[in-house]
Amino acid sequence: MIFLFITCHLAFCIYSQTRFACARVRRGARVLLVRLARARRGARVLLVRLVVEMSAYDEVEIEDMEWNAELGAYTYPCPCGDLFQITLADLRLGEEIARCPSCSLFITVVYNEEDLVDAKERPPKPAPRPVAVA
Amino acid sequence: MEKAAAVEEEEQEEGAAWAWSWGAGTDGQLGNGGFQDHHLPQPLLFPLRCRGRVSFVAGGGAHAIALTGDGEVFTWGRGTHGQLGHGDMENIPHPKFVKFFENYSITCVSAGWNHSGFATDSGQLFMCGDGSFGQLGAGDNHPRNLPFEVAYFTTKHVVRVAFGMRHSLVLLKDNSVYGFGSARRGQIGRCARNQKFYNVPKLIDGFPNCKIGNIYANGDHSAALDESGQLYIWGRALIGEHDDDRPQPVFPSLSSSQVALGWHHALVLSGELYTIGAYRHQKLDPHVSSSEPMQRLNPATSSHDHDDSSSLSTLVKVPCVDGDQVVHIAAGTEHSALVTDKGAVFTWGWGEHGQLGLGDTCDQVAPQRVNIGDKRPCSSASVNVYCGSGFTVVVNSGLAAD
C-alpha cells in the first residue's frame, strides 16, 4: 500500500515537474521567438538604414542646409538644379531623408535633437532682401 | 526701351541652329523659350547677332551666362536670387543681353549655384546673385540683382573667375588666388576654426613657386592648373576621404591641359582623358576596375598623405572614343561631356533629366555620341560643350553671320 502510494506520488511529481518543465521550455521558446523576431526587425531596420545610406546621394549636416520660409523646409542644392527639402515637422518625427521634388535623388540629413529644440525657440532668420545697386 | 527689348527677343535665329541645349529645363536654363526638361538637343535661342561670336558659356545651378568674343554678356535661366543681373528676380527662358555691361568689355564669366561673376578687360570684378554665404565678396551676405563691383579688387587686376556651389575663386594678374564664400570644406583655403564662410576675399596660399594658368570650381571643390600642367586640388575630398584646405599638387606624372569639376568627380585631360571620383559615372558597372579600357594611375601626392586605399584615389582612363582625340571637356554636377577633334559631342554620367541628350533618361558609364542634327561640316576648333548642374550646352561658333 505504502509502495503504491510512493509510486503514485512519484509519478505525480514526475508528471507535474515534466509539465512545469514543458511550460518552461514553451515559455523559453516563446521568449526566444520574440527575441528572434526583435532581432530580425532590428536587422531589417539596420539593413534599410544601410541601403538608404548606400543609395543616398550625399550626407549633409543640418547646419549646411538653408531654411526656406516659402517652402517651410530646410533645403540643400540637388545636382539636378532643384533643392532637397525636409520640413521641421518631419525632422521632429525623426525623419532623416530630404528628397528632391524633381528627381529620384535624396540625401540623409545629419542632426542632433538639440538642434531642433534650438530651431523651435529661435525661428530661422528670414532671407535678406535683395539690394539693388545702381 | 521695353519695345527695344521685345524686338531683341524676336530677333532670334530663324535659319539652321548653331547652338543647342538639353537636360533639366524647369527654370528656363535651356534657353529654348520653355520651362521643361528636354532629352534631345534643342535650339538655344541666341539673338541672331550672336551667331559665330559666342566664345564661352558658364553653367550654374539653373542659370547660364554666355560671353561673346567682343565682351558682351547674355544670361538666362533661374533668376530668383538676382543671378541674371537684369535688376529683377525673374526666370528668363532665353538668352538676354545684360544691359549693365553695355559700356564694359567682359573677358571672363563664371556661374555658381545661384551667383554670377564677370571680369572686365581692365581687371575689375562684378558680381550678382545669392550672397548668403558671402560668395559675392561684398562684406555682407545680401543678394544683388544688378552687378556691382567688388571693392576689394578695385586696385587689383582680376583675370579669371571660377565659382562653386557656394564659393568663389579669383585669379589675379599677379598670380595670386583669392577665395570667398563657404569655407566649410576647405574650398577657399585655410580658415580660422569655426569660420563657416568669408564674405571678404582672402588669399589662398600654399601654392609652390609656379605660374597659375587657370582656376576651376564646382560643388565644394576647387582646383588650379599651373603653366607646366601640374594640377592642384583643394576643398572637399576628391582623392581619398579627407577634405584639404591647402592646394595639393596631384598626379605629378601628368601634364594636364584641361580640367572640369563636378560635385563628386573631375575630368582631367592630359592627352588621354581621365576621371577622378565616380558616382553615376561607374555605378552601373561594378567590374569597371577590372575591365580592359580602364587604366589606373596612382595620385602620388608629394607632400600630403592621402588615403591611397580608397577607390576614389585613382585616375580612371575614359574609354577612347573611336580613336579620336578629345579637344574639349565639361562637367555638370553628375554628368560629363567632351568634343572630339572631329567636332563630335559625347556625353556620359547621370541622365535622369535628359542631360546626356541621348533621347532618354538612362545613366551611361562610357561616352555616348550625341546626335546634334547638325549636318554641316564642322571642325573641332569651332564646336564647344559646356555644362550646368543638370543641363548641357553646345555652341558651334565656326559659323559667322551670313
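Readers should treat all values here as calculations from the given coordinates under stated rules, not as data from a laboratory. Since this is a predicted model, take the numbers as computed values, not measurements. Quick reminder, even Gly has a Cβ in these numbers, built from the backbone with ideal geometry, and neighbours come from all protein chains shown.
Within the stretch B:70-223, all pairs of alpha-carbon atoms sorted by distance into 10 Å bins from zero give the percentages 12, 44, 34, 8, 1. Neighbouring Cβ atoms from other chains, within 10 Å of the Cβ of residues in B:133-141, number 1 on average. Taking label positions 7 Å along the Cα-Cβ direction at both B:D140 and B:D174, the computed distance is 2.8 nm, reported to one decimal.
Take each residue of peptide B:163-170, count the partner chain Cβ atoms within 10 Å of its Cβ, and average: the result is 1. For the residue pairs B:K156/B:K202; B:K196/B:K317; B:K96/B:K342, the alpha carbons lie more than 25 Å apart in B:K196/B:K317; B:K96/B:K342. Model label points for B:D88 and B:R369, set 7 angstrom from Cα along the Cα-to-Cβ axis, are 4.3 nm apart. Once the C-beta distance of A:N112 and B:C362 is scaled by a Förster radius of 35 Å, the resulting FRET efficiency is 0.35 to the nearest 0.05. Once backbone amide H atoms are built at 1.01 Å from N, B:G213 has B:L225, B:D226, B:E227 as its partners under 5 Å, excluding neighbours fewer than 5 places away on the same chain.
For the peptides B:347-360, B:220-233, the ranking by mean Cβ contacts within 10 Å, running from highest to lowest, is B:347-360, B:220-233.
Stokes-Einstein diffusion for the stretch B:32-79 at 10 °C, viscosity 1.306 mPa s, with a Kirkwood radius from C-alpha pairs, works out to 135 µm²/s. For the listed peptides B:16-24, B:335-343, a ranking on the average number of other beta carbons within 10 Å per residue, highest first, reads B:16-24, B:335-343. A:T87 to A:S55: FRET efficiency via 1/(1 + (r/R0)^6), r the Cβ-Cβ distance, R0 25 Å, to the nearest 0.05? Using R0 = 25 Å, I get an efficiency of 0.70. Normalised by the number of residues in the stretch B:25-79, the mean separation of alpha-carbon contacts (under 8 Å, six or more apart) gives a relative contact order of 33 percent.
Taking a ≥ b ≥ c as the square roots of the eigenvalues of the Cα gyration tensor of the stretch B:195-247, is the shape rounded (a/c under 1.5), prolate (a/b larger than b/c) or oblate? Cα axes put the stretch B:195-247 in the oblate bin. Shielding of peptide A:79-91 by partners, expressed as the average count of other chain Cβ atoms within 10 Å per residue Cβ, is 5. Backbone amide hydrogens, once placed in the peptide plane, bring B:F56 within less than 5 Å of B:L67, excluding anything fewer than 5 places away on its chain.
Once backbone amide H atoms are built at 1.01 Å from N, B:R160 has B:L171 as its partners under 5 Å, excluding neighbours fewer than 5 places away on the same chain. Put a dot 7 Å past the Cα of B:D324, heading toward its Cβ, do the same for B:N214, and the two dots end up 1.9 nm apart. Going by the alpha-carbon gyration tensor, a ≥ b ≥ c the square roots of its eigenvalues, is the stretch B:203-284 rounded (a/c under 1.5) or, if a/c is not under 1.5, prolate (a/b greater than b/c) versus oblate? Oblate is the answer for the stretch B:203-284, as a/c is 1.5 or above yet b/c matches or exceeds a/b.
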